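Let me begin by presenting the structure, written as structure tokens, before commenting on it.
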Amino acid sequence: MPKSSLSSDQVKEMLLQVADAIIAAEPRLSEADRNLGDGDHGLGMQRGMTAGKEKLQELEAGTPIDKVFSSLGMAMMSSMGGASGAIFGSYFRAGGKALAGQEVFDSASLAGFLRAGVDGVKQRGGAKVGDKTAVDSMEPAAEKAAESTALPLPEAAAAAADAAIAGMEASKDMIAQFGRAKTLGEGCLGHPDAGAMSITVILGAMRDYIQA
Amino acid sequence: MSKNSAKKIINDPLKCADELFEGLVLAYDGKARKVGRRSIVMNELRPDAPALLVGGGAGHEPIYHGLVGPGMADGAAIGDIFAAPPPDIVLEATEAVNRGKGVLYLYGNYAGDVLNFDLGAELAEEEGITVKTVIINDDVCSAPPSEKSKRRGVAGLVPVVKLAGAAAQTVDTLEELARIAQKAVDHTRSVGVSTKPGSIPATGEPTFELADDVIGLGMGIHGEKGVGLIPMCTADELAPKILDLLFADDLELNAGDEIVFFVNSLGSTHMMELLILLRAARPILEAKGLKVHQTILDNIVTCQEMAGVSFSITKLDDELKRLWDLPCESVGYTKL
């Protein structure tokens with residue numbers, strides 16, 4: 001049955017499902033990165049989410065929602081290293097911080113999480129929309145969620161996930177401004193950013209959990 | 001399983017970073033120790049002094065972690081192969097080198113390193129440790145002088161870490177250490193050329209593609225695009241091309257200036273070639289009136305079995321010269 005709001009334990013369950021989705025998507029994420037970078041994005045995300053799962057499973061029942069998100073972020077950050085560890089770790093840490101004190105996760109929480117998450121990443125890495133990074137999926141998802149706070153959570157989550165996919169599609173037409181892909185110039189046209197693809201997997205798994 | 005096209009003598013390709021780290025600690029013969037997950041720190045540190053911490057991804061040995069030693073860095077935070085160290089490793093190294101006077105982070109300008117060292121600095125500040133950062137960006141060909149913040153850090157890191165290491169032995173404040181390290185960066189420029197890629201230990205795949213009959217002029221140590229490809233040529237033809245790029249940059253080099261001149265192999269280029277290049281380069285430096293205070297010839301900043309060389313010039317003023325002349329010792333660079 002679709003869930004209109006989540007308890008902290010359900011948030012944990014949702015993030016465990018997100019971790020499984022990323023781990024399963026490893027070949028697709030690595031393939032996307034081979035076209036642009038050094039082909040190890042999927043492996044890094046898999047390593048981060050495997051560590052994240054272990055961390056989430058250790059959390060006591062009733063751990064506050066913000067701590068559930070930031071635990072995943074910390075685990076990713078310390079297990080991955082590199083730029084991706086810092087970016088995705090910051091996403092969950094900064095996004096989680098915005099939910100301090102909240103006892104349920106609803107459409108407004110989703111919007112708060114996505115906004116603080118992308119702002120944290122932008123502040124950390126300096127990327128903006130159009131630079132062909134994960135921000136190109138994060139930002140439209142956050143904007144869509146902000147417009148959807150009056151909708152039931154399952155619909156808001158679906159709208160955000162769709163916006164992330166549209167953002168990833170748009171990244172195909174962008175020239176990279178960050179990382180190793182930057183040195184390719186126009187050679188990176190036609191390929192989506194692998195980090196943006198990871199965001200679509202994360203938000204897709206959140207939607208699937210909320211709607212199931 | 002990997003194709004291991006480079007015929008690497010390793011064990012599990014995914015454990016290279018951890019195993020090279022264990023070997024590195026052993027290479028210090030008890031003078032340095034393992035800290036936390038993957039940091040190396042000298043056992044004897046000058047009391048009440050600001051600390052110098054370096055670090056970066058593994059796979060470029062002996063940098064950065066092989067530059068730990070007396071008169072060099074106090075410690076290093078080590079990442080996985082070609083990946084920056086995560087913030088908790090930066091933090092564990094920071095805590096171990098700090099002697100109450102704060103810690104200077106000194107590392108190359110790559111997105112992953114900047115992100116993770118900044119995060120490590122925030123964690124350290126939360127614990128009351130003062131951190132300052134100086135970023136090494138000596139690669140002339142990675143961006144124009146007007147966009148220095150986009151320049152990568154390459155072989156010039158060796159003279160920069162040496163000078164900062166000497167400063168860490170003599171100054172009493174973190175501010176002073178950071179000032180001198182920044183000055184060393186500002187006085188250092190490098191240009192690299194590549195003739196063959198290295199390989200990724202985990203996969204055996206080359207780190208980039210380069211045709212057999214060309215040289216990548218200005219290429220970065222991971223194969224980042226340089227200023228262009230030129231036909232394969234002789235040492236006598238190549239040396240002036242590299243020096244012209246160095247001279248055209250914004251570091252003012254006038255007759256009478258004293259410099260450190262560093263000819264670095266990117267991995268597999270042989271000492272024979274470095275010597276032949278030095279023979280070609282020295283008369284050009286002298287014709288410009290530059291006085292070489294010290295020559296360094298070695299493979300210190302590498303990318304596996306990548307072939308190619310870089311030239312680095314560090315201009316010495318009185319202060320830097322005094323620091324340069326202090327002895328230092330490390331796995332990667334020793335000066336008597």
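Figures for the structure shown
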{"item": "Candidates A:Gly112, A:Gly95, A:Gly62, filtered to the one that is more than 14 Å from chain B (Cβ to nearest Cβ), part of a loop (DSSP other than H, G, I, E, B), farther than 26 Å from B:Gly108 by Cα and not hydrophobic (A, V, I, L, M, F, W, C)", "result": "A:Gly62"}
{"item": "Residue list for the range A:65-83, restricted to those being within 14 Å of another protein chain (Cβ to nearest Cβ), closer than 17 Å to A:Leu203 by Cα and either surrounded by fewer than 24 Cβ atoms within 10 Å (Cβ to Cβ) or touching a residue at least 24 places away in the same chain (Cβ under 8 Å) (or both)", "result": "A:Ser70, A:Met76"}
{"item": "Among the candidates A:Ala86, A:Ala146, residue that is buried (at least 23 other Cβ atoms within 10 Å of the Cβ) and either within 14 Å of another protein chain (Cβ to nearest Cβ) or touching a helix residue (DSSP H, G or I) at 6+ places or on another chain (Cβ under 7 Å) (or both)", "result": "A:Ala86"}
{"item": "Residue match in the range A:173-193 (condition: under 12 Å from the mean Cα position of the chain (by Cα) and hydrophobic (A, V, I, L, M, F, W, C))", "result": "no"}
{"item": "Hey, B:Ile276 buried (at least 20 other Cβ atoms within 10 Å of the Cβ) and either modelled with pLDDT of 95 or more or within 14 Å of another protein chain (Cβ to nearest Cβ) (or both) or not", "result": "no"}
{"item": "Of residues in the range B:63-81 being assigned to a loop (DSSP other than H, G, I, E, B) and surrounded by 24 or more Cβ atoms within 10 Å (Cβ to Cβ), the one farthest from the other protein chains (Cβ to nearest Cβ)", "result": "B:Met72"}
{"item": "Scan of the range B:205-219 for residues that are buried (at least 17 other Cβ atoms within 10 Å of the Cβ) and not in a loop (DSSP other than H, G, I, E, B), ordered by number", "result": "B:Pro206, B:Ile215, B:Gly216, B:Leu217"}
{"item": "Close pairs (8 angstrom Cβ cut-off, 6 or more residues apart or separate chains): more than 13 Å from chain A (Cβ to nearest Cβ) in the range B:192-204, outside any strand (DSSP E or B) and of a type in the set (S, T, N, Q) anywhere", "result": "B:Thr195/B:Thr269; B:Lys196/B:Ser268"}
{"item": "Breaking point among (1) in contact with a strand residue (DSSP E or B) (Cβ under 7 Å, 6 or more places away or on another chain); (2) within 26 Å of B:Val68 (Cα to Cα); (3) not in a loop (DSSP other than H, G, I, E, B), for B:Leu163", "result": "(1)"}
{"item": "Residues satisfying the stated conditions in the range A:110-121, i.e. in contact (Cβ under 8 Å) with a residue 24 or more places away in the chain and surrounded by fewer than 24 Cβ atoms within 10 Å (Cβ to Cβ)", "result": "A:Ala111, A:Arg115, A:Asp119, A:Gly120"}
{"item": "Any chance B:Ala84 is away from every other protein chain (no Cβ under 14 Å), closer than 18 Å to B:Ala155 by Cα and out of contact with any Lys or Arg (no Cβ under 9 Å at 6 or more places or on another chain)", "result": "no"}
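For (1) in a loop (DSSP other than H, G, I, E, B); (2) surrounded by fewer than 15 Cβ atoms within 10 Å (Cβ to Cβ), each residue gets a yes or a no:
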| position | (1), (2) |
| --- | --- |
| B:Lys7 | yes, yes |
| B:Asn11 | yes, yes |
| B:Leu53 | no, no |
| B:Glu61 | yes, no |
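The values are calculated or read from the model by the stated rules, or taken from the named source; none is laboratory data. Source: prediction; values computed, not measured. Cβ: placed from backbone, ideal geometry, glycine included. Neighbour counts: every protein chain shown.
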